[in-house]
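Asks: I am attaching a structure below and will ask some questions about it afterwards.
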Amino acid sequence: IDYAQGTLSNIQIEGIESYNGEANGLTVYKGCDISLENIQVDNIHAGTQLTDDDIPGLAMPNLTPRACGVDIRDDTIVNIVEDNGIINGDDIAGFETCYDEIPEDED
């Protein structure tokens, strides 16, 4: 979504598969001012048709296949309800995940 305002709540996203690229359950792009409550995400898979040997050979604009339950981009405002805002399942997999990018002091 982009340039959206309001609240997203009680949403279940699952079964997203990308053969060669990125896979996201929900992507929040620029210009949003939203709240997220009870967003349940699971079964997200990126790069399912690639092998470990394929990844070093990827050249721009192709990026390493990354999986993310909810990907929040720059230049947006997102309020995540503390107790149950985003609920990520255990089955979010790619050659990278957006969770790999979280600094350890924010865990």
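Asks: Of the residues that make up the stretch 29-37, is at least one farther than 18 Å from Asp2 by Cβ, surrounded by fewer than 16 Cβ atoms within 10 Å (Cβ to Cβ) and of a type in the set (Phe, Trp, Tyr)?
Replies: Among the residues of the stretch 29-37, not one is farther than 18 Å from Asp2 by Cβ, surrounded by fewer than 16 Cβ atoms within 10 Å (Cβ to Cβ) and of a type in the set (Phe, Trp, Tyr), which makes the answer no.
Asks: Additional query: Please go through the stretch 22-45 and pick out each residue that is among the small types (Gly, Ala, Ser) and either assigned to a strand (DSSP E or B) or touching a strand residue (DSSP E or B) at 6+ places or on another chain (Cβ under 7 Å) (or both). Break it down stepwise before answering.
Replies: Initially, the stretch 22-45 is screened for residues among the small types (Gly, Ala, Ser), giving 23, 25, 31, 35.
Of everything in the stretch 22-45, those that are among the small types (Gly, Ala, Ser) and either assigned to a strand (DSSP E or B) or touching a strand residue (DSSP E or B) at 6+ places or on another chain (Cβ under 7 Å) (or both) turn out to be Ala23, Gly25, Ser35.
Asks: Within the stretch 60-92, which residues are among the hydrophobic types (A, V, I, L, M, F, W, C), open to solvent by less than 60 Å² (accessible area, probe 1.4 Å) and part of a loop (DSSP other than H, G, I, E, B)? I'd like the intermediate steps shown before the answer.
Replies: The initial filter retains those residues of the stretch 60-92 that are among the hydrophobic types (A, V, I, L, M, F, W, C), namely 60, 63, 67-68, 70, 72, 77-78, 80-81, 86-87, 92.
So of that shortlist, the ones also open to solvent by less than 60 Å² (accessible area, probe 1.4 Å) come out as 67-68, 70, 78, 81, 86, 92.
Of everything in the stretch 60-92, just one residue is among the hydrophobic types (A, V, I, L, M, F, W, C), open to solvent by less than 60 Å² (accessible area, probe 1.4 Å) and part of a loop (DSSP other than H, G, I, E, B), namely Val81.
The values are calculated or read from the model by the stated rules, or taken from the named source; none is laboratory data. Please read all numbers here as calculations on a predicted model, not as lab measurements. Using ideal geometry, Cβ is built from the backbone for each residue, glycine included, and neighbour counts are taken over all protein chains shown. Each accessible area value is taken on the protein alone, full model and side chains, heavy atoms only, with ligands, DNA and RNA left out. Shrake-Rupley method; radii C 1.70, N 1.55, O 1.52, S 1.80 Å.
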